[in-house]
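Colleague: Have a look at the structure that comes next, please.
We did not get these values from a lab; they are worked out from the coordinates using the rules stated. Quantities reported herein were computed from a predicted structural model and do not represent experimental measurements. Heads up, the Cβs are rebuilt from the backbone with ideal geometry, glycines too, and the neighbour counts pull from every protein chain shown.
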Amino acid sequence: MTRVSSPTMVPPELASQVLSPDARVRAIERAFVARLVSRLSTGARSSTRRVEAIVQSLDAGELDDAIGRLAPAADELAAERFEDVREFNHDSWKSRHG
Amino acid sequence: MLAASITSPDRMPGQFINRLPTSAGGMVDVRVREADYRHAAAWDRDIQPLIRRMDRIDAPWKWSTLYLRSLFLELSAGRRLGFLQLVTPGTAGAPFPLGQILLADGFPYPPDDTLACAFLWYLAGAPEAAVVAAGATPGKAILAALVDAAIQFSYVAGYDGRICLHASPAGTEAQRAQLLERYTRLGLKRSSERRIGRLRRNDGRYFYADEQAAKLLSSNLQGYR
């Protein structure tokens, strides 16, 4: 796992995992992860500790506000059309998730 | 590194379903798609409140949190997290999720942890009331369809259909027993290994599909692909 050099830097392994197929949502997700990492000040911790801290924080509901800030993105879904929905493609999914 | 690429000579290519039977005797179009945080948030907003009012094991779940937590947990283990939805046309043609799954790509396969499988972390179907309220047609066999999505994922990921899941230990005794019964009836096998994924103690609620079971389960839905 890659160590984080700065608390505000998005760890590459997180950035590559939190990637929506939608470019705008990807930007939101990256910002969300950056806030997460920054807020938890996990830069100096090991990857395991960092993930544990994030999981504990999520379990405790501490990040509900941050999660709520992403919720408006869900409104975009109203414009989706079933006929435009693409079937899951493992290759493209894998290429985005590293 | 798991021997994920070890495949049988007659390897199945993996093909997701594209329709399901309805209780009225017809068919409804469905698609298995990749979902993301927005879809988890939409489920929490539009569907989970109905589930919360029902006597279901998943009543307290919050998918946006489950998604992020699972993402980070899998990440810590060096695996990818898949989030798939089974959608059907709803009001004005908008896709509506009949169900969804979170699964780990490359979990150690319980009967032989030198092999990999897809581990189905979370699975839920939308209540019929939510489906109807969304102007969509409720499909039948949603549990089988969601487990099939995991199996097809396993095929395309190169795991020969192998999957594993843990039946939730939450809920009442009757609910827990009912869940075990549903997975058994579906054709999944109960794992007898002492450890699951090398670290987890087997509480007797782990199920899996080996290559043969996956093939059989796939063939059960072959007419819907």
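Colleague: Return the only residue of B:LEU221, B:LEU216 being crowded, with 16+ Cβ neighbours inside 10 Å and under 25 Å from B:LEU20 (Cβ atoms).
Modeller: Result: B:LEU221 is the single residue among B:LEU221, B:LEU216 that is crowded, with 16+ Cβ neighbours inside 10 Å and under 25 Å from B:LEU20 (Cβ atoms).
Colleague: Taking the residues in the stretch B:69-84 that are closer than 25 Å to B:PHE16 by Cα and at the interface with another protein chain (Cβ under 9 Å from one of its Cβ atoms) as candidates, determine which candidate is surrounded by the most Cβ atoms within 10 Å (Cβ to Cβ).
Modeller: B:GLY82
Colleague: Within the stretch B:167-209, which residues are charged (D, E, K, R), assigned to a loop (DSSP other than H, G, I, E, B) and in contact with a strand residue (DSSP E or B) (Cβ under 7 Å, 6 or more places away or on another chain)?
Modeller: B:ARG198, B:ARG205
Colleague: For B:GLY99, state whether it is part of a strand (DSSP E or B), under 24 Å from B:ARG162 (Cα atoms), more than 8 Å from every other protein chain (Cβ to nearest Cβ) and touching a residue at least 40 places away in the same chain (Cβ under 8 Å).
Modeller: Yes.
Colleague: Here's another thing I want to ask about it. Taking the conditions exactly as written (exposed (fewer than 13 other Cβ atoms within 10 Å of the Cβ), over 17 Å from B:LEU20 (Cα atoms) and touching a residue at least 12 places away in the same chain (Cβ under 8 Å)), does B:GLY161 satisfy them or not?
Modeller: Criteria not met by B:GLY161.
Colleague: Something else about it: Among the residues of the stretch B:32-90, write down those that are touching a strand residue (DSSP E or B) at 6+ places or on another chain (Cβ under 9 Å), in a loop (DSSP other than H, G, I, E, B) and closer than 28 Å to B:ALA174 by Cα.
Modeller: B:ILE47, B:ARG56, B:ASP58, B:TRP61
Colleague: Restricting attention to the stretch B:129-157, which residues are within 14 Å of chain A (Cβ to nearest Cβ) and out of contact with any strand residue (DSSP E or B) (no Cβ under 8 Å at 6 or more places or on another chain)?
Modeller: Scanning the stretch B:129-157 gives B:ASP148, B:TYR155, B:VAL156.
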